[in-house]
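Structure record follows, encoded as structure tokens.
The values are calculated or read from the model by the stated rules, or taken from the named source; none is laboratory data. Being a predicted model, the structure only gives us computed values, none of them experimental. FYI the Cβ positions are ideal-geometry reconstructions off the backbone, even for glycines, and counts take in every protein chain you see. The accessibility values were calculated without ligands, DNA or RNA, using every heavy atom of the protein model including side chains. Shrake-Rupley method; radii C 1.70, N 1.55, O 1.52, S 1.80 Å.
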Amino acid sequence: MPLFPPSPPAEPRGRKARPAADPGGDGADPALAPLAQRLRPRTIEEFAGQRHLLGEGRLLRLLYESGRVASLILWGPPGTGKTSLARLLTRKADAAFVEFSAVLSGIKDVREVVLRARETRKLAGRPTVLFVDEIHRFNKAQQDAFLPHVESGLITLIGATTENPSFEIIPALVSRARVLVLEPLSRPELEGIMDLALADGERGLGRLGLAVEPRARDFLVMSSGGDARSLLNALELSAELACRAAGRAGREGEGVGGPGGGGTGGVITEAVVSEAVQRKAWRYDKGGEEHYNLISAVHKSLRDSDPDGALYWIARMLEGGEDPVYLLRRMIRFASEDVGEADPESLVLGVSALESYRLLGSPEGDLALAQLAVHLALAPKSNAVYKAFGRARSDARTRGPLPVPLHIRNAPTRLMKELGYGRGYQYAHDFPDAETDQEHLPDELLGEEYYRPGQRGREKAYGPPLRARRARLSLKRAEEESQAGPPVAGTGFPEALEDFPYGPGDPDVPDDPDDTGGYPEDPGLPAGPGAPEVTGDLDFPGVPEVSSVPGDQEVSGVLDVPGDQEVSGVQDDPGDPDVPGIQDYPGDPDEPGGCPEDPERLPSGPAAGDLPEDPGGRRAGTVAAGLPAGTGNEDGGHGAGAAAGATPGHPAPPGNTPGARGRSRSGKAGR
């Protein structure tokens, strides 16, 4: 039999064409159809449930009353009236109704529907409604095939699905149809459907005169789970069992309400319903949305310390066929995420429950799930570990691969030890309470506090000692920073030698001998006869120290004052009787006004004079100590500034060396 019946012949003009398909059924003999099929609503008034869509002024009510039909996606659980709604809307709109299942049909069938829709519109002037049951089972390519025809209005698509359209139906198709959510039927609505079935003698079970015990009614409604089809199927089977038990059923092998039926009487009891239902297959799809709804209910019940809710939802999932190991894994995760260190035993109990179930299996092992659920629900809660790990992972991802501090690195080889691996590591067991105050984070993360203990359960006791340890580390870091001082590049003074100002009152050199009394960092250089050579200036790396001239004796041939004779001892202190006329301090009686600051000018005074022939210095009264007559001053100092390093009986002041900061007696620095 072809999937679609052949098109009816065209009727004469002026007469309305008949429907291409029966919108009220599939053409099967109604007497042989199941009770749920026979009892489908014929009008909107007979439809039970979905008042939020069919109430006065609601969307479907307005569409129905206007005789129009639009493309719709009906999303809801089984047995809530999706197919019945599609048929009611189609019949009211007087449209051709084509129904097929996405399980059995493909793109080829969609193309055939499109061709028939064009023919129906051309010959009869009627729209075509394509009802696709389980539309979520169509793949993306199959769903794409509907798009141009829905867009053009050639077909009106009504899809029925039990899965979330956001995940299962392509967005382009969702945007061209209105998504309507159908709810499970309530208890009063299910009881109304059951009463209609028991009273309707034409399509239902009314001619059997059956009675239903109250407990049997409750059992039927409860076991249906809001599914009208499930309720009617269970009621039909219960009625047949009740009639057979009373010996008043129809002929052997004929169903209740079928041909030959007509027996009356019988009582549907709880035992009869239990036999008919056996075990309700709960509405539960382990891979669908309901699965995640139920596990969410379990998790939130545990977090809110509600053991009753947790037990119920776990039981629901088990009754629906969920794997108990999945539930145990979820609760073990909960023990770490939501209980944490407030009750560390919860994690141990979770692993024990898992092992118990693996040892016992179902149903004996199911009790381990219940015990674990009650314990987790009543345990003190803390997510401090969960949040701490989240902060740590965030830094690990965003701060890059920071190096491990050397003192906590492993040093299995000699080379690694020589490189400093493990140097300074403090072995905790060598300290009181096995605690040390050493850092374990990279330098860039020092002071980070990922774990912040809560105030519930055992975790409450973790706070004080942890805060004390962090306070000690913080104090230790502050002390180390204060001792280190500001960062200095290299050694000695941070400024370059060339940047040092010179002259009395030099602000950059503390304790200058010309200012306040000596360089504090210079241990002092020996001076005088036999002074050893000192290499490597302590204050200025890279500038060789120029010592005083060892064994400085009489310097002959150095005439620096007109008429000056042999100068012995090279004495240059103010008022030196051995060197008349070499007075270079301010206020000297021989040099009124002192020495000018400009090194190019000559000092004034009676003994001051310019001797061009003097090769040893640039100023009168200046002796280049230790240099033979006729040689230039090679150390960068001028005159007495070079000689001031040391003289017999007069040690040089510490640090005042010609190579570093030799000063002339006028106070000018040798540069």
Mind listing whichever residues of the stretch 240-265 are at pLDDT 80 or above and touching a helix residue (DSSP H, G or I) at 6+ places or on another chain (Cβ under 6 Å)? Leu241, Ala242
For the stretch 142-179, give me each residue that is within 35 Å of the chain's Cα centre (by Cα) and among the aliphatic types (A, V, I, L, M). Ile169, Ile170, Ala172, Leu173, Val174, Val179
Any hit, the stretch 416-431, residues being open to solvent by less than 60 Å² (accessible area, probe 1.4 Å), without any contact (Cβ under 8 Å) to a residue 12 or more places away in the chain and more than 30 Å from Val339 (Cα to Cα): yes
Mind listing just one residue for me: the one in the stretch 37-70 that is free of Cβ contacts under 8 Å to residues at least 60 places away in the same chain and basic (Lys, Arg) and, of those, nearest to Leu232 (Cα to Cα)? Arg40
May I ask you to verify whether Val150 is touching a Leu at 6+ places or on another chain (Cβ under 9 Å) and surrounded by fewer than 17 Cβ atoms within 10 Å (Cβ to Cβ)? no
What are the residues in the stretch 209-235 that are out of contact with any Ser or Thr (no Cβ under 8 Å at 6 or more places or on another chain), acidic (Asp, Glu) and crowded, with 21+ Cβ neighbours inside 10 Å, if any? none
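Mind listing whichever residues of the stretch 369-386 are in a helix (DSSP H, G or I) and either touching a residue at least 40 places away in the same chain (Cβ under 8 Å) or closer than 29 Å to Glu449 by Cα (or both)?
Once the filter is applied, which keeps residues that are in a helix (DSSP H, G or I) and either touching a residue at least 40 places away in the same chain (Cβ under 8 Å) or closer than 29 Å to Glu449 by Cα (or both), the stretch 369-386 yields Leu369, Ala370, Leu372, Ala373, Val374, Leu376, Ala377, Leu378, Ala384, Val385, Tyr386.
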Name, by its number, the condition in (1) in a helix (DSSP H, G or I); (2) within 29 Å of the chain's Cα centre (by Cα); (3) buried (at least 16 other Cβ atoms within 10 Å of the Cβ); (4) not polar (S, T, N, Q) that does not hold for Ala392. (3)
For the condition modelled with pLDDT of 90 or more, within 21 Å of Val221 (Cβ to Cβ) and among the aliphatic types (A, V, I, L, M), what is the one hit in Ile295, Ile268? Ile268
Among the numbered conditions (1) farther than 18 Å from Asp343 by Cβ; (2) in contact (Cβ under 8 Å) with a residue 40 or more places away in the chain, tell me where Leu406 comes up short. (2)
Against the condition open to solvent by less than 30 Å² (accessible area, probe 1.4 Å), at pLDDT 90 or above, within 29 Å of Asn233 (Cβ to Cβ) and in contact with a helix residue (DSSP H, G or I) (Cβ under 7 Å, 6 or more places away or on another chain), how does Leu88 come out, does it pass? yes
In the stretch 395-411, anything open to solvent by less than 90 Å² (accessible area, probe 1.4 Å) and out of contact with any helix residue (DSSP H, G or I) (no Cβ under 8 Å at 6 or more places or on another chain) is listed as Ala396, Gly400, Pro403, Val404, Leu406, His407, Ile408
Can you name every residue in the stretch 324-336 that is open to solvent by 30 Å² or more (accessible area, probe 1.4 Å), of a type outside the set (Gly, Ala, Ser) and under 17 Å from Val385 (Cβ atoms)? Ile332, Arg333
I'd like to verify a number: residues in the stretch 114-134 that are touching a residue at least 40 places away in the same chain (Cβ under 8 Å), touching a strand residue (DSSP E or B) at 6+ places or on another chain (Cβ under 9 Å) and farther than 16 Å from Arg87 by Cβ, how many? 4
Subset of the stretch 416-444 [outside any loop (DSSP other than H, G, I, E, B) and among the hydrophobic types (A, V, I, L, M, F, W, C)]: Met416, Ala428, Ala434
Taking Leu72 and the conditions (1) at pLDDT below 90; (2) open to solvent by less than 20 Å² (accessible area, probe 1.4 Å), which numbered condition does it fall short on, given that it satisfies the others? (1)
Candidate set: the stretch 144-195, residues that are among the polar types (S, T, N, Q) and either modelled with pLDDT of 90 or more or part of a loop (DSSP other than H, G, I, E, B) (or both); chosen: the one farthest from Arg217 (Cα to Cα): Ser175
Of everything in the stretch 310-320, what is touching a residue at least 40 places away in the same chain (Cβ under 8 Å) and either surrounded by fewer than 23 Cβ atoms within 10 Å (Cβ to Cβ) or acidic (Asp, Glu) (or both)? Give them in sequence order. Leu311, Leu318
Under 6 Å between Cβ atoms, at least 6 apart or on separate chains: pull out the pairs that start in the stretch 71-91 with a residue that is within 13 Å of Ala36 (Cα to Cα) and end on any residue that is open to solvent by 20 Å² or more (accessible area, probe 1.4 Å) and small (Gly, Ala, Ser). Gly79/Ser230
Within the stretch 94-106, residues open to solvent by less than 20 Å² (accessible area, probe 1.4 Å) and of a type in the set (Gly, Ala, Ser) come out as Ala95, Ala96, Ala102, Ser105, Gly106
How many residues, within the stretch 144-166, are touching a residue at least 60 places away in the same chain (Cβ under 8 Å) and either hydrophobic (A, V, I, L, M, F, W, C) or out of contact with any Asp or Glu (no Cβ under 9 Å at 6 or more places or on another chain) (or both)? 6
Being more than 18 Å from Arg393 (Cα to Cα), open to solvent by 70 Å² or more (accessible area, probe 1.4 Å) and basic (Lys, Arg) is the filter here, so list the residues in the stretch 445-475 that pass it. Arg456, Arg458, Lys460, Arg467, Arg472
Scan of the stretch 107-131 for residues that are open to solvent by less than 40 Å² (accessible area, probe 1.4 Å) and touching a helix residue (DSSP H, G or I) at 6+ places or on another chain (Cβ under 9 Å), ordered by number: Val110, Val113, Val114, Ala117, Arg126, Thr128, Val129, Leu130, Phe131
